[in-house]
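Please read the structure below before turning to the comments.
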Amino acid sequence: MDLVTELTAIVGAEHVLTDPATTASYTHDWTSRFSGDAFAVVRPGDASEVAAVMAACERAGRPMHPQGGNTSLVGGGVPAGSTAADRAPVVISMTRLDWIGEVDTRGGLLTAGAGATLAAVQRAARDAGWMYGVDIAARESATIGGTVATNAGGIRVCAFGMTRHQIAGVEAVLADGTVISHLAGLPKDNTGYDLAGLLTGSEGTLAVITAVALRLHRPPGGSTLVLLGVDDIATAQDVIATAVPAGGRLLAAEVMDRLGVQIVCEFAGLPWPLRGRDWSQLLLLEVEGDEVVLPSDVDAVVASDATDYARLWRYREHQSEAAAIMAARIGGVVHKLDVSVPLPRLAAFVGAMRPVLAGLPSVQEFYLFGHIADGNLHLEIAEPDAIDDSATAAVLGLVAEFGGSISAEHGIGQAKVRYLGLTRSEAELAAMRSIKTALDPAGLLAPGVIFSR
Ligand SMILES: Cc1cc2nc3c(=O)[nH]c(=O)nc-3n(C[C@H](O)[C@H](O)[C@H](O)COP(=O)(O)OP(=O)(O)OC[C@H]3O[C@@H](n4cnc5c(N)ncnc54)[C@H](O)[C@@H]3O)c2cc1C
């Protein structure tokens, strides 16, 4: 039996796609920078179908590429480029595994299928009187499995930590179709290696995650949201350092360059939000409780009600779309960087980085935004060429000099493979390769992601 026939027998004909017209949305990424060939797209409906699909692919020696909501910003969700026909992967789309289990309201535990969207998980937690601690602007499309596979960060890391901190258990399928399942979510469980922790952030290269158990949090008792103008990163950091009253908690701290906010105002029809128009950056701060401590002479606006709260967040939520508009204006593409630098060196890093980018001939326009309290900045660089990596190389080299990370939260995907050695040692990379070889000896899972093919 050929592989397509075998896959069809497992998931049904309507869930095996081979026509390029129907597979295009699975083989092209959100940024329009990455695309690749697929042998087929398969949409299993449950974990046993995932296991059967993977066992069939393994027997046929066929690479596999797990995919969630395809919102990766580093080309991780799609096959890596053109390849010989016998090496094109089967894309395993996980979106049909979208079940959400009953919330354990005593322990604050939620179990969900890998294909449930982040937004659906957030809603289920909220409806049960709890909250899920991870939030990103792609919440309506990103799947919970994808956010675990990438160890997603987002706007609440300063309060609740990365996805890794929320993981209580995982069910996954190894490359040969073997299912490993450990979903009890015990708060205390020291029985050997933490496989859920290992798979978190593995970007589809070690196993396909089919279900996760997530730790929930008690929701904060109300919050205050304020948007203010600052002259530079150091001032923003000073404001954050004193903004939270004693006993309070920082819930979000997002910085945005003026250019990104200006583009959002134009395309979203929003007014410029502050009195002053010349601030280099705007800072969005959310603090638990009804007080934020601000310097006396600050140019700030405080959200007055729920509508106003949503409006102020829109300036931040549209930053990624604004980058696409910036690139379209020059007829080019966006090169996206997601870096972190130790907090004491963040301002100096930005001071060094801006003139480097401004001096590169390929760079037409750029702006930064991001999770400043985590030392995590997203750089959106508009360039005419999708291939030219000179701006990326310059910035990531600088990140390494400042002791930072070339990927704070988006992952390595295909976009950053050649730069991984900048901030991880040869010994670390060798250990990672050993783990990959142990779990996926034939190298069938997500080829071209994290490691070169
Ligand atoms: C507007 C926008 C805002 C964003 N903001 C943030 C942000 O603030 N913070 C942040 O961290 N990210 C952010 N992202 C990036 C992206 O949303 C996250 O990386 C997200 O976690 C990817 O989830 P997904 O389901 O779309 O995964 P995909 O894009 O489909 O896949 C991502 C990676 O995970 C692997 N994968 C997917 N599902 C599985 C599975 N079930 N098992 C094993 N491997 C799997 C894929 O092979 C791939 O390597 C943003 C993206 C957009 C478009």
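Among the residues in the range 55-77, are any charged (D, E, K, R) and open to solvent by less than 20 Å² (accessible area, probe 1.4 Å)? Checked against the condition, which is being charged (D, E, K, R) and open to solvent by less than 20 Å² (accessible area, probe 1.4 Å), the range 55-77 yields no hits at all.
Report yes if some residue within the range 365-383 is open to solvent by 50 Å² or more (accessible area, probe 1.4 Å), over 18 Å from the mean Cα position of the chain (by Cα) and not charged (D, E, K, R); otherwise report no.
No, the range 365-383 has no match at all.
Residues that are under 12 Å from G68 (Cβ atoms) and open to solvent by less than 30 Å² (accessible area, probe 1.4 Å) within the range 136-177 comprise A142, T143, I144, G145, G146, T147, V148, A149, A152, listed in sequence order.
Here's the yes/no breakdown for (1) of a type in the set (F, W, Y); (2) more than 10 Å from the ligand (Cβ to nearest atom); (3) within 30 Å of L274 (Cβ to Cβ):
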| residue | (1), (2), (3) |
| --- | --- |
| K188 | no, yes, no |
| Y193 | yes, yes, no |
| L198 | no, yes, no |
| G201 | no, no, no |
| I209 | no, no, no |
| A213 | no, yes, no |
| L227 | no, yes, yes |
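Every condition in (1) more than 17 Å from the chain's Cα centre (by Cα); (2) within 12 Å of the ligand (Cβ to nearest atom) is met by H182 except one, and the failing one is (2).
Say we look at the range 12-41 and pick out the residues that are among the acidic types (D, E) and buried (at least 16 other Cβ atoms within 10 Å of the Cβ); which of these is farthest from the ligand (Cβ to nearest atom)? Here the residue is D37.
Restricting V226, V255 to those that are more than 21 Å from the chain's Cα centre (by Cα) and aliphatic (A, V, I, L, M) reduces the list to V226. The residues in the range 88-105 that are open to solvent by less than 20 Å² (accessible area, probe 1.4 Å) and either away from the ligand (no atom under 11 Å from the Cβ) or modelled with pLDDT under 95 (or both) can be counted, and the count is 2. The residue pairs whose first member lies in the range 402-415 and is within 13 Å of the ligand (Cβ to nearest atom), whose second member is aromatic (F, W, Y), and whose beta carbons are closer than 8 Å, counting only pairs six or more residues apart or on different chains, are G413/F34; Q414/F34; A415/F34. For the range 142-167, a residue qualifies if it is part of a loop (DSSP other than H, G, I, E, B) and near the ligand (Cβ under 6 Å from one of its atoms), and the qualifying residues are A142, T150, A152, G153. Restricting the search to helices (runs of 4 or more DSSP H) fully inside the range 352-445 and requiring at least 3 residues that are out of contact with any Gly (no Cβ under 9 Å at 6 or more places or on another chain) and not assigned by TED's automatic domain parsing to the domain that holds R87 gives 390-401, 426-439. Filtering A85, A114 for residues that are under 29 Å from L7 (Cα atoms), open to solvent by 60 Å² or more (accessible area, probe 1.4 Å) and not acidic (D, E) leaves a single hit, A85.
Being free of Cβ contacts under 8 Å to residues at least 12 places away in the same chain and within 19 Å of M162 (Cβ to Cβ) is the filter here, so list the residues in the range 184-222 that pass it.
Across the range 184-222, the qualifying residue is only D194.
Determine whether A125 is away from the ligand (no atom under 16 Å from the Cβ), at pLDDT 95 or above and touching a Gly at 6+ places or on another chain (Cβ under 9 Å). So A125 fits the description; yes. Restricting attention to the range 436-447, the residues that are open to solvent by 50 Å² or more (accessible area, probe 1.4 Å) and under 23 Å from the mean Cα position of the chain (by Cα) add up to 0. Per the conditions (1) more than 16 Å from the ligand (Cβ to nearest atom); (2) at negative phi; (3) open to solvent by 10 Å² or more (accessible area, probe 1.4 Å), the sole criterion not satisfied by G269 is (2).
Can L183 be described as surrounded by fewer than 23 Cβ atoms within 10 Å (Cβ to Cβ) and modelled with pLDDT of 95 or more? Spelling it out, L183 is indeed surrounded by fewer than 23 Cβ atoms within 10 Å (Cβ to Cβ) and modelled with pLDDT of 95 or more.
The values are calculated or read from the model by the stated rules, or taken from the named source; none is laboratory data. The shown structure was predicted, so the numbers you read here are calculated from the model rather than taken from an experiment. As a convention, Cβ positions derive from the backbone with ideal geometry for all residues, glycine included, and neighbour counts pool all protein chains shown. For the accessible areas, the whole protein counts, side chains as well, though only heavy atoms, and no ligand, DNA or RNA atoms are used. Shrake-Rupley method; radii C 1.70, N 1.55, O 1.52, S 1.80 Å.
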